[in-house]
Amino acid sequence: MLIYACTIFLSAFLLFQVQPVIARMILPWFGGSAAVWTTCMLFFQTILLLGYLYVYWTVRHLHPKTHGKVHAVLLGLSVLLLPITPGVHWKPQGGGNPSIEILLLLAACVGAPYFLLSTTSPLLQSWYSKTGKGVLPYRLFALSNLGSMLALISYPVAVEPYLPSRLQGVTWSVAYVAFAILCIAAAIITTRRVTAVIESPEEVSEEIPAKPEAAALAMWVALAACPSALLLAVTNHLTQDVASIPFLWIVPLVLYLLSFILCFDADGWYIRPLWMGLLIPSLAGMSYFLYKGTEDFNMKILLSAFSAAFFVCCMVCHGEMVRLKPHPRYLTSFYLMLSIGGALGGLFVGLVAPYLFTAYFEFPILLVFCGFMAVVVLVSDPRSRFYEGWSQWSVILMVAGVLALCVFCGQTVRNALGDYFLVQRNFYGTLRVREGGEERDAYRTLLHGAINHGEEWIHPERRLEPLTYYCPATGVGVAIGTRQLGVPQKVAVFGLGAGTVAGYGRPGDHYKFYEINPLVLDISRRQFYYITESKAKVDVVLGDARLSLEREEPQNFDVLAVDCFSGDSIPVHLLTKEAVQLYFRHLKPAGILAVHVSNRYLDLEPVVERIATSLGMATLQVETEEDEGESCFSSTWILVAKNKQVFSQPMLVSAGKPVTPKPALRVWTDDYSSLLSVIK
């Protein structure tokens with residue numbers, strides 16, 4: 001038992017530890033978007049499905065001795081592909097949807113090890129069930145999910161803050177070799193014990209249980225697909241519309257795994273009347289918050305409510321799945337259907353929904369689907385109406401509740417579009433444009449989730465006035481304001497948004513924006529006037545800003561503004577020592593780097609200061625307060641220059657102050673960064 005338990009636990013730990021490890025390496029190449037993580041999740045779920053399919057086929061068609069040898073050879077070959085470090089040739093070359101590039105990169109770098117890790121839990125459970133009569137392996141699945149959960153929790157706390165990304169990959173690869181050795185040992189033990197069991201006369205007479213019917217297989221798939229899809233839908237909603245808190249995506253995933261652990265550990269955790277009773281208010285509560293929006297509620301209340309309600313949904317689906325689990329003889333079929341459901345859920349939210357819907361409509365649809373599955377479970381189980389506290393009226397009330405939920409969620413979808421002038425969606429998320437104010441004070445706003453990406457007066461006489469985080473008194477406004485009269489200025493901006501900075505343009509100036517999301521460019525051109533009516537020449541380069549700069553000759557910018565750090569999925573690769581060195585290769589000797597670090601949850605000022613100090617550069621912190629009358633938001637910008645004499649100009653002296661250093665903070669590099677160290 002010990003060898004099986006250790007192997008399954010280690011494989012599950014590595015299975016989920018490799019996800020943030022490899023994501024840490026490739027997120028910078030694809031803009032650090034939350035959608036990149038969703039695509040990674042889709043890849044991992046798909047490989048998990050292939051792994052379970054492999055187990056299903058090999059267990060049914062190969063003799064245990066042959067199976068053990070085949071698996072040992074595959075493990076040996078996978079070790080030869082280590083370490084899991086993607087080469088620079090995988091860096092994307094331009095903008096657009098990078099889903100295919102991400103999937104190919106992951107397949108080449110971690111595909112084989114991840115595939116074999118994914119086979120371990122169902123394979124070893126199958127082997128273990130064959131080592132003796134009456135051996136029940138399902139609690140090993142709970143142990144597997146415990147390992148997965150610990151891997152997720154430990155990464156931001158014990159791995160990322162202490163190990164550079166390259167060392168993370170090497171350490172993981174060494175642990176994988178240890179896993180391969182354990183798994184081969186388990187295969188040897190299984191071969192010997194299974195042979196002994198087969199040769200024992202008393203075991204041959206065991207009665208063969210009935211094969212699961214098609215209806216049972218379909219039910220397993222549906223019960224697995226529902227929480228899998230809800231996991232991604234809830235994560236998208238919490239991280240983009242509720243709060244852009246770092247590591248918030250871990251919470252739904254931990255709850256998802258915890259429900260697996262409880263349901264597969266023992267029958268006592270899932271009590272149908274209790275969890276089914278909690279399901280009705282949980283679905284109603286989430287649909288209500290979706291209907292009302294996030295602005296009228298406290299953030300902590302929303303996070304707690306959605307997390308608790310999501311956990312109830314997972315407990316119901318996984319609890320009912322466990323109630324329907326088959327005899328261990330058909331264990332591989334059960335896990336295959338479970339993985340198919342998980343992959344279908346991820347496929348729906350990760351790839352289908354962004355092209356099918358203009359906003360996050362999959363969330364209310366999935367709430368209805370969850371309620372529908374609860375009704376199907378109760379109606380298809382005759383005992384549910386007469387036993388365990390359930391009456392026929394209880395089922396009728398559940399059906400009525402789901403029908404009411406359908407109507408309510410339909411209204412939620414309708415309202416999601418009603419308050420906005422424009423709603424469009426692509427790989428990087430949903431962009432919305434709304435209008436407010438009247439006459440001379442009428443304005444138009446671009447939103448990405450809960451983040452304001454720019455605002456503009458609609459009145460022709462005011463439409464080029466820089467607003468929000470870019471008003472004249474802000475860091476970027478002051479940096480641009482130091483220009484000499486009559487001398488053309490060249491400005492670069494990372495992050496287009498509505499194109500607000502272009503409002504500063506004068507005849508002869510050249511403004512160059514770097515934007516990874518092509519939909520932002522399309523909307524800024526059609527719905528806003530900053531880049532189309534700017535007095536300066538305006539160019540927009542699609543693709544990751546840093547990768548684009550690396551391919552360009554020195555540009556001799558007067559000002560380079562980096563404005564990409566307002567959300568939780570900040571592109572860390574734009575805030576490293578190597579990145580700053582690249583920026584100054586494209587700046588004039590007296591040029592200014594302006595870094596927008598306004599962030600509710602991250603203290604990024606000392607990060608910029610430590611990098612600048614390590615390079616012998618000077619910094620200036622420019623903070624502004626909110627001015628509702630001028631539509632200016634409170635903001636914090638850090639200005640960086642090669643020589644502190646640049647900041648001796650009167651306009652800069654009066655605008656800012658030196659950045660308070662934080663000597664204990666480690667300098668961020670391409671190989672090391674830690675969001676945990678800068679959380680407020």
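The values are calculated or read from the model by the stated rules, or taken from the named source; none is laboratory data. Keep in mind that this is a model prediction, so the values were computed, not measured. Don't worry about glycine lacking a Cβ; one is built from the backbone with ideal geometry, like all the others, and counts go over all protein chains shown.
Among the numbered conditions (1) assigned to a helix (DSSP H, G or I); (2) at pLDDT below 80, tell me where A222 comes up short.
Every listed condition holds for A222 apart from (2).
Would a scan of the stretch 598-618 turn up a residue that is surrounded by fewer than 20 Cβ atoms within 10 Å (Cβ to Cβ), out of contact with any strand residue (DSSP E or B) (no Cβ under 7 Å at 6 or more places or on another chain), small (G, A, S) and within 23 Å of K662 (Cα to Cα)?
Within the stretch 598-618, one or more residues are surrounded by fewer than 20 Cβ atoms within 10 Å (Cβ to Cβ), out of contact with any strand residue (DSSP E or B) (no Cβ under 7 Å at 6 or more places or on another chain), small (G, A, S) and within 23 Å of K662 (Cα to Cα).
Taking the stretch 246-268 on its own, how many of its residues are under 30 Å from L140 (Cβ atoms), touching a helix residue (DSSP H, G or I) at 6+ places or on another chain (Cβ under 6 Å) and modelled with pLDDT under 85?
Counting residues in the stretch 246-268 that are under 30 Å from L140 (Cβ atoms), touching a helix residue (DSSP H, G or I) at 6+ places or on another chain (Cβ under 6 Å) and modelled with pLDDT under 85 gives 5.
Would you call F310 surrounded by 24 or more Cβ atoms within 10 Å (Cβ to Cβ), among the aromatic types (F, W, Y) and modelled with pLDDT of 85 or more? Explain how you work it out, then say what you get.
Values: surrounded by 24 or more Cβ atoms within 10 Å (Cβ to Cβ): yes; among the aromatic types (F, W, Y): yes; modelled with pLDDT of 85 or more: yes.
Considered against the rule, which asks whether it is surrounded by 24 or more Cβ atoms within 10 Å (Cβ to Cβ), among the aromatic types (F, W, Y) and modelled with pLDDT of 85 or more, F310 comes out as yes.
With T58, T46, T38 as the choices, which residue is in contact with a helix residue (DSSP H, G or I) (Cβ under 8 Å, 6 or more places away or on another chain), of a type in the set (S, T, N, Q) and modelled with pLDDT under 75? Quick ask: steps written out before the conclusion?
On the way: T58 fails: modelled with pLDDT under 75; T46 fails: modelled with pLDDT under 75.
Among T58, T46, T38, only T38 is in contact with a helix residue (DSSP H, G or I) (Cβ under 8 Å, 6 or more places away or on another chain), of a type in the set (S, T, N, Q) and modelled with pLDDT under 75.
Could you please let me know if I8 is modelled with pLDDT under 85 and buried (at least 22 other Cβ atoms within 10 Å of the Cβ)?
On the way: modelled with pLDDT under 85: no; buried (at least 22 other Cβ atoms within 10 Å of the Cβ): yes.
No: the conditions fail for I8.
Looking at G341, G285, can you tell me which residue is out of contact with any Asp or Glu (no Cβ under 9 Å at 6 or more places or on another chain), part of a helix (DSSP H, G or I) and within 28 Å of S144 (Cβ to Cβ)? Before the answer, list the steps.
Numbers: G285 fails: within 28 Å of S144 (Cβ to Cβ).
The match here is G341.
Suppose the filter is out of contact with any Gly (no Cβ under 7 Å at 6 or more places or on another chain), surrounded by 21 or more Cβ atoms within 10 Å (Cβ to Cβ), of a type in the set (D, E) and closer than 23 Å to T532 by Cβ; does E455 pass it?
Working: out of contact with any Gly (no Cβ under 7 Å at 6 or more places or on another chain): yes; surrounded by 21 or more Cβ atoms within 10 Å (Cβ to Cβ): yes; of a type in the set (D, E): yes; closer than 23 Å to T532 by Cβ: yes.
Answer is yes for this residue.
Of the conditions (1) more than 30 Å from S674 (Cβ to Cβ); (2) without any contact (Cβ under 8 Å) to a residue 24 or more places away in the chain, R551 fails just one. Which one is it?
(1)
Restricting the search to the stretch 427-464, which residues are touching a Phe, Trp or Tyr at 6+ places or on another chain (Cβ under 8 Å), part of a loop (DSSP other than H, G, I, E, B) and under 18 Å from L496 (Cβ atoms)?
Listed by number, the residues that qualify are R463, L464.
Pick out the one residue from V312, V368, V322, V352 that is of a type in the set (A, V, I, L, M), free of Cβ contacts under 8 Å to residues at least 12 places away in the same chain and assigned to a helix (DSSP H, G or I).
Details: V312 fails: free of Cβ contacts under 8 Å to residues at least 12 places away in the same chain; V368 fails: free of Cβ contacts under 8 Å to residues at least 12 places away in the same chain; V322 fails: free of Cβ contacts under 8 Å to residues at least 12 places away in the same chain.
Residue meeting the stated conditions: V352.
If you check S648 against the conditions, is it of a type in the set (S, T, N, Q) and free of Cβ contacts under 8 Å to residues at least 24 places away in the same chain?
Working: of a type in the set (S, T, N, Q): yes; free of Cβ contacts under 8 Å to residues at least 24 places away in the same chain: yes.
Here the answer is yes, as S648 does meet what is asked.
Among helices (runs of 4 or more DSSP H) lying entirely in the stretch 471-579, which contain 3 or more residues that are of a type outside the set (S, T, N, Q), at negative phi and surrounded by fewer than 23 Cβ atoms within 10 Å (Cβ to Cβ)?
Values: elements: 475-481, 518-527, 530-533, 545-551.
Passing ranges, in order: 518-527, 545-551.
For the stretch 623-637, state whether one or more residues are within 27 Å of the chain's Cα centre (by Cα) and either part of a helix (DSSP H, G or I) or surrounded by fewer than 16 Cβ atoms within 10 Å (Cβ to Cβ) (or both).
no
I'm told V653 meets every condition in (1) part of a helix (DSSP H, G or I); (2) touching a Gly at 6+ places or on another chain (Cβ under 7 Å) except one. Can you identify the failing condition by its number?
Condition not satisfied by V653: (2).
Could you please find all residues in the stretch 61-93 being surrounded by 12 or more Cβ atoms within 10 Å (Cβ to Cβ), over 18 Å from A112 (Cα atoms) and not polar (S, T, N, Q)?
Within the stretch 61-93, L62, H63, P64, K65, K91, P92 meet the criteria.
Identify, from the list T239, T195, the residue that is modelled with pLDDT under 80 and surrounded by 15 or more Cβ atoms within 10 Å (Cβ to Cβ). Walk me through how you get there before you give the answer.
On the way: T195 fails: surrounded by 15 or more Cβ atoms within 10 Å (Cβ to Cβ).
The match here is T239.
Any idea which of A594, A655 is crowded, with 20+ Cβ neighbours inside 10 Å, modelled with pLDDT of 90 or more and in contact with a strand residue (DSSP E or B) (Cβ under 6 Å, 6 or more places away or on another chain)? Before the answer, list the steps.
Numbers: A655 fails: modelled with pLDDT of 90 or more.
A594 is the lone residue from the list that is crowded, with 20+ Cβ neighbours inside 10 Å, modelled with pLDDT of 90 or more and in contact with a strand residue (DSSP E or B) (Cβ under 6 Å, 6 or more places away or on another chain).
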